[in-house]
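One structure below.
The values are calculated or read from the model by the stated rules, or taken from the named source; none is laboratory data. Note that the structure is predicted; figures quoted are calculated from it, not measured. Cβ sites come from the backbone with ideal geometry, for glycine too, and all protein chains shown count toward neighbours. Ligands, DNA and RNA are stripped out before the accessible areas are found, and what is left, the full protein with its side chains, is counted by its heavy atoms. Shrake-Rupley method; radii C 1.70, N 1.55, O 1.52, S 1.80 Å.
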Amino acid sequence: MALEKHQITKDELTRSALHRPAEAPKVVQERLIHAAQHEADDVMAKLGTTINGLSNDQVDEMRKKYGDNVVIQGKKQSIAERLYAAFINPFTLILIVLAIVSALTDIIFAAPEEQSYITVILISAMVLMSGILRFIQELRSGNAADRLTNMIVNTSAIIRQEDGEEERIMEEAVVGDIIRLAAGDMIPADLRIISAKDLFISQSALTGESDHVEKFGAVSELDSKNVLDYENLAFMGTNVISGSAIGLVLATGQDTIFGQIAESINKKPEPTSFERGVNHVSRVLIRFMLIMVPIVFLLTGITKGNWLQAGLFAISIAVGLTPEMLPMIVTTSLAKGAVHMSKEKVIIKNLNSIQNLGSIDILCTDKTGTITQDKVALEYHLDLNGKENAAVLKHAYLNSFFQTGLKNLMDRAIIERTHEEAEIESSLENLRERYIKVDEVPFDFERRRMSVVVKDLDGKTQMITKGALEEMLRICSFVQIGDEVLPLDAAMDKRVRADVDRYNDKGLRVLLVAQKTNPSPVGVFSVKDEAEMVLIGYLAFLDPPKTTTADAITALHEHGVEVKVLTGDNERVSRAICKMVGLDVSQILTGDDIEEMDDATLTREAQRTTVFARLSPLQKSRIVKLMKADGHSVGYMGDGINDVPALKDSDVGISVDTAVDIAKESSDVILLEKDLMVLERGIIEGRKTYANMIKYIKMTASSNFGNVFSMLVAAAFLPFLPMTAIQILVLNLIYDITCSALPWDNVDPEYIMKPRTWDADSISRFMVWIGPTSSVFDIITYAALYFFICPAMVGASFHNLQSPAQIALFIAIFQAGWFVTSMWTQTLVIHMIRTPKLPFIESRSSLPVMFLTTLGIAVLTYLPFSPLANLLNLAPLSWPFFALLFAVVLGYMFLVSVVKHYYIKRHNSWL
């Protein structure tokens with residue numbers, strides 16, 4: 001929606017609101033209560049406004065005086081707070097503690113000649129790398145989320161003097177504005193209702209009460225201190241269920257009741273299953289490290305006799321077992337996924353919903369606009385003889401044009417068709433000037449019809465009602481055939497039903513139109529007046545299927561997502577349209593069928609039913625909840641008021657940017673294009689994001705599990721340490737850098753073909769299967785270095801060495817050998833684990849992953865030959881070692897491939 005010259009953006013208003021303190025709650029409360037207890041005209045006069053709204057100059061004054069209509073939910077994090085959050089997490093805290101311990105042992109309490117800053121520097125570098133990368137990614141992630149959120153715009157009908165009634169962003173409302181409310185609207189601010197017609201509001205967001213509250217425009221007789229008790233006040237955060245009203249804005253933004261509540265809390269969304277899983281793995285890895293490190297320390301100290309060296313070694317092992325990059329990898333993957341999804345016209349309101357989107361295996365969707373084109377055309381306006389009739393169109397127009405509720409696509413189609421026909425049919429000319437509206441009975445989802453009362457220039461009054469077949473036959477007692485009005489007897493009832501069924505079978509949606517002349521006097525019209533009416537004709541609408549729908553349903557099915565249609569439309573239209581797009585229509589359940597079923601029966605029937613018709617909002621919600629309880633991950637896609645309960649109850653609520661405000665507010669995902677193909681691309685991106693996060697988790701868990709066994713063997717059987725503390729830290733630092741590219745890795749097409757849900761047991765299984773494979777080749781490397789490579793290069797076995805220089809050389813060669821071998825195996829296993837296929841041949845990693853892993857291996861292999869070799873206690877390696885390295889790497893990759901084959905065969909999955 002383009003903003004006019006007096007409108008400003010949501011982002012500008014939000015930034016402005018951050019710098020203005022809210023009014024005292026008591027002052028706002030007194031203003032609300034005063035308004036409720038006084039006539040609307042007096043309240044408007046006090047605020048300097050009229051029923052025609054504020055002038056543009058007054059808008060500016062009110063904004064300066066009372067502030068912007070923006071609620072800052074919780075305290076916005078400063079840069080310093082974000083920095084703190086990036087660095088202070090369980091993993092970096094462990095590293096910081098280890099750095100402090102190392103500083104005490106290596107610097108403060110060490111003899112001057114033994115002081116070393118290297119360990120502290122390396123641990124600090126890892127803390128800085130993890131923290132800075134996470135800070136940058138979370139800053140980008142937060143900025144991306146803010147940008148995406150600002151793309152979701154909710155509007156209100158604001159009446160102002162210069163512009164009249166105009167849809168504007170909610171945040172632009174100011175105290176004194178006049179607001180028109182209709183079904184589906186969110187209340188944009190705290191309002192005094194000036195006038196209302198059958199206005200029912202859901203206040204559950206504020207009060208927790210599920211019952212809808214009726215609101216009126218009259219002065220309240222209450223004398224309560226609780227503003228929520230007043231029946232002529234409406235509050236921000238609530239929404240219109242049915243009816244219409246005119247309201248006066250009394251409080252905006254932080255001054256509203258909703259704003260005061262939001263300011264006092266900083267509510268975080270409930271963690272998703274993936275978040276809980278990541279936290280669980282984190283706790284397991286930390287406990288694992290806290291248990292095993294003391295064992296390594298004791299074993300090393302007892303066998304080597306040097307407790308200081310054992311302490312440094314244990315610290316280094318602790319660093320190696322700490323997955324400090326996990327928060328950064330998760331944050332980066334989510335941020336990248338959200339930004340990429342926005343390019344695919346999918347907006348993620350909560351970043352953690354990405355994984356849930358990839359996990360859905362059932363997609364429930366409304367029919368209109370998703371399956372169909374959302375371009376409803378009025379094909380026929382027929383009398384009961386099946387002939388085109390201008391009188392039927394005239395009555396339909398008067399009903400659609402004069403109703404003040406939410407004009408749906410059929411209303412717009414009626415108005416558009418009437419304007420076209422008016423050029424050739426004089427009886428349809430200037431209808432809006434020839435009739436005035438007297439009253440209305442708004443649409444609701446229980447009655448499924450709506451009525452208006454109009455009066456022509458001669459004083460003749462008519463109630464005109466349109467609605468669905470069953471609901472209209474219930475209130476009609478007569479039919480008009482030609483110029484005759486006849487009783488609606490059983491034969492005529494059967495004939496009408498047959499006519500409607502025939503149109504429905506062609507995929508046409510049919511509304512019935514009825515009227516009665518000179519109904520009740522003005523001011524007392526209600527649902528009770530919808531009786532004894534004369535049925536005059538049919539309106540047949542066509543909303544054809546989208547050309548992309550069949551392909552999208554096929555694509556979703558290929559990706560393991562079953563599409564089910566939950567619609568309020570009748571079963572015949574639903575059957576015809578759904579059959580056109582390839583859905584199974586052999587069994588259709590209606591709302592009446594569902595009412596007769598208990599939960600167990602409905603769960604069973606829902607499994608084998610694809611199309612559900614004539615559903616109420618609560619029936620849609622019930623189906624969604626039962627499928628969730630049956631073990632499915634359920635997404636629900638809808639854009640109407642009747643979809644809100646199901647949107648809230650699904651695992652992932654999906655709406656579109658053109659949806660009613662409350663539907664967008666209730667959703668986790670917003671599509672900028674109402675198309676199943678767009679959603680399919682979003683689901684795929686969700687699975688890719690999850691895949692790259694789970695890769696790192698499984699790599700880290702299995703690698704750490706195997707490393708502990710290797711260290712225990714080394715500590716128990718070698719007469720010296722297999723690697724020094726510094727070597728382990730350098731190895732871990734460079735390995736972390738290579739892993740930082742994983743969020744940009746490629747994902748195998750086969751992996752994204754089915755839903756992926758978090759499975760904590762699979763992490764444990766993976767650790768137990770893959771971890772020990774690295775230990776096997778670690779032990780082989782120990783043996784080959786200790787018994788063959790090192791003795792060949794030094795000239796004697798370790799126990800036969802006499803001079804300290806030879807012993808030091810032996811140890812340096814051994815440590816260099818395992819140092820290089822560890823980097824090769826750890827890095828290559830990234831390529832082995834990232835895919836169930838044969839790496840490099842059947843599945844290739846992305847360029848960033850390939851580049852960083854290759855660079856990491858090259859740097860580590862060069863270090864024993866570099867000027868840093870002495871500092872790191874490494875010695876150059878000979879060609880026999882590289883022959884061993886080649887054999888170990890090949891053997892390791894072969895063993896991992898074998899284990900991978902049997903693991904997949906047994907568990908039918910890899911990642």
Next on the checklist: Would you confirm, using the coordinates I've provided, whether VAL510 is open to solvent by 20 Å² or more (accessible area, probe 1.4 Å) and under 20 Å from LEU488 (Cβ atoms)?
Outcome noted: no
Item to check | Criterion violated by ALA540 - all others in (1) touching a Phe, Trp or Tyr at 6+ places or on another chain (Cβ under 7 Å); (2) closer than 26 Å to VAL452 by Cα; (3) of a type outside the set (Asp, Glu); (4) free of Cβ contacts under 8 Å to residues at least 60 places away in the same chain satisfied | outcome: (4)
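Being surrounded by 15 or more Cβ atoms within 10 Å (Cβ to Cβ), on the phi > 0 side of the Ramachandran plot and either modelled with pLDDT of 75 or more or of a type in the set (D, E, K, R) (or both) is true for just one of GLY259, GLY243, GLY217. Which residue is that?
GLY243
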Item to check | the stretch 414-430 - residue that is modelled with pLDDT of 90 or more and of a type in the set (A, V, I, L, M, F, W, C) and, of those, most open to solvent (accessible area, probe 1.4 Å) | outcome: ILE415
Item to check | Hits in the stretch 26-37 (condition: touching a residue at least 40 places away in the same chain (Cβ under 8 Å) and either in contact with a strand residue (DSSP E or B) (Cβ under 7 Å, 6 or more places away or on another chain) or surrounded by fewer than 15 Cβ atoms within 10 Å (Cβ to Cβ) (or both)) | outcome: VAL28, ARG31, LEU32, ALA35, ALA36
Next on the checklist: What's the number of the only condition in (1) closer than 16 Å to VAL513 by Cβ; (2) at pLDDT below 90; (3) surrounded by fewer than 20 Cβ atoms within 10 Å (Cβ to Cβ) that GLN403 fails to meet?
Outcome noted: (3)
Checklist entry - Quick one: what pairs do we get from the stretch 237-257, first residue over 17 Å from LEU199 (Cβ atoms), second hydroxyl-bearing (Ser, Thr, Tyr) and open to solvent by 10 Å² or more (accessible area, probe 1.4 Å), C-beta under 9 Å, 6+ apart or different chains? => result ALA251/TYR66; THR252/TYR66; GLY253/TYR66; ASP255/TYR66
Item to check | Residue match in the stretch 440-451 (condition: out of contact with any Leu (no Cβ under 7 Å at 6 or more places or on another chain), at pLDDT 90 or above and surrounded by 21 or more Cβ atoms within 10 Å (Cβ to Cβ)) | outcome: yes
Checklist outcome for this item: Expected single match for buried (at least 18 other Cβ atoms within 10 Å of the Cβ), over 30 Å from GLY459 (Cβ atoms) and modelled with pLDDT of 90 or more among LEU539, LEU556 is LEU556
Checklist entry - Of the conditions (1) open to solvent by less than 10 Å² (accessible area, probe 1.4 Å); (2) of a type in the set (Val, Ile, Thr); (3) modelled with pLDDT under 85, VAL660 fails just one. Which one is it? => result (1)
Next on the checklist: Checking ARG622 against (1) open to solvent by 10 Å² or more (accessible area, probe 1.4 Å); (2) modelled with pLDDT under 85, only one condition comes out false. Which one?
Outcome noted: (2)
Next on the checklist: Pairs please, first residue from the stretch 312-340 and modelled with pLDDT of 75 or more, second anywhere and open to solvent by less than 10 Å² (accessible area, probe 1.4 Å) and not in a helix (DSSP H, G or I), Cβ atoms under 6 Å, 6+ apart in sequence or on different chains.
Outcome noted: ALA338/ILE348
Item to check | Test: residue in the stretch 418-434 that is of a type in the set (Lys, Arg) and closer than 23 Å to ALA468 by Cα | outcome: no
Checklist outcome for this item: Across the stretch 38-47, the tally of residues that are under 22 Å from GLU162 (Cβ atoms) and either surrounded by 13 or more Cβ atoms within 10 Å (Cβ to Cβ) or touching a His at 6+ places or on another chain (Cβ under 7 Å) (or both) stands at 2
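Taking the stretch 372-389 as the search range and keeping residues that are among the polar types (S, T, N, Q) and closer than 15 Å to GLY482 by Cα, which one is surrounded by the most Cβ atoms within 10 Å (Cβ to Cβ)?
Here the answer is ASN389.
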Next on the checklist: On the basis of being farther than 19 Å from ILE728 by Cα and over 39 Å from the mean Cα position of the chain (by Cα), does PHE109 make the cut?
Outcome noted: yes
Checklist entry - Which residues, counting only those in the stretch 292-311, are polar (S, T, N, Q) and either open to solvent by less than 10 Å² (accessible area, probe 1.4 Å) or free of Cβ contacts under 8 Å to residues at least 60 places away in the same chain (or both)? => result THR300, ASN306
Next on the checklist: Would you confirm, using the coordinates I've provided, whether THR567 is polar (S, T, N, Q) and surrounded by 20 or more Cβ atoms within 10 Å (Cβ to Cβ)?
Outcome noted: yes
Checklist entry - Taking the stretch 157-176 as the search range and keeping residues that are within 33 Å of the chain's Cα centre (by Cα) and not aliphatic (A, V, I, L, M), which one is surrounded by the most Cβ atoms within 10 Å (Cβ to Cβ)? => result GLU171
Checklist entry - So which residues in the stretch 450-494 are charged (D, E, K, R), more than 22 Å from GLY640 (Cα to Cα), in contact with a strand residue (DSSP E or B) (Cβ under 9 Å, 6 or more places away or on another chain) and in a strand (DSSP E or B), if there are any at all? => result LYS455, ASP456
Item to check | Selection count where residues are surrounded by fewer than 24 Cβ atoms within 10 Å (Cβ to Cβ) and either over 12 Å from the mean Cα position of the chain (by Cα) or within 22 Å of LYS546 (Cα to Cα) (or both), scope the stretch 643-655 | outcome: 2
Checklist entry - Are there any helices (runs of 4 or more DSSP H) wholly within the stretch 1-100 with 2 or more residues that are at pLDDT below 90 and farther than 30 Å from MET328 by Cα, and if so which? => result 10-17, 25-36, 56-66
Checklist entry - In this structure, is THR825 surrounded by 15 or more Cβ atoms within 10 Å (Cβ to Cβ), more than 23 Å from ASN746 (Cβ to Cβ), among the polar types (S, T, N, Q) and out of contact with any Asp or Glu (no Cβ under 7 Å at 6 or more places or on another chain)? => result no
Checklist outcome for this item: The lone condition ALA858 fails out of (1) in contact (Cβ under 8 Å) with a residue 12 or more places away in the chain; (2) surrounded by fewer than 15 Cβ atoms within 10 Å (Cβ to Cβ) is (1)
Item to check | Residues within the stretch 665-684 that are touching a residue at least 40 places away in the same chain (Cβ under 8 Å) and either open to solvent by 10 Å² or more (accessible area, probe 1.4 Å) or of a type in the set (Ser, Thr, Tyr) (or both), tallied | outcome: 11
Item to check | Checklist (1) on the phi < 0 side of the Ramachandran plot; (2) of a type outside the set (Val, Ile, Thr); (3) open to solvent by 10 Å² or more (accessible area, probe 1.4 Å); (4) outside any loop (DSSP other than H, G, I, E, B) applied to ASP198, failing item | outcome: (1)
Next on the checklist: Just to check your reading of the model, which residue among THR601, THR609 is of a type in the set (Val, Ile, Thr) and surrounded by fewer than 18 Cβ atoms within 10 Å (Cβ to Cβ)?
Outcome noted: THR601
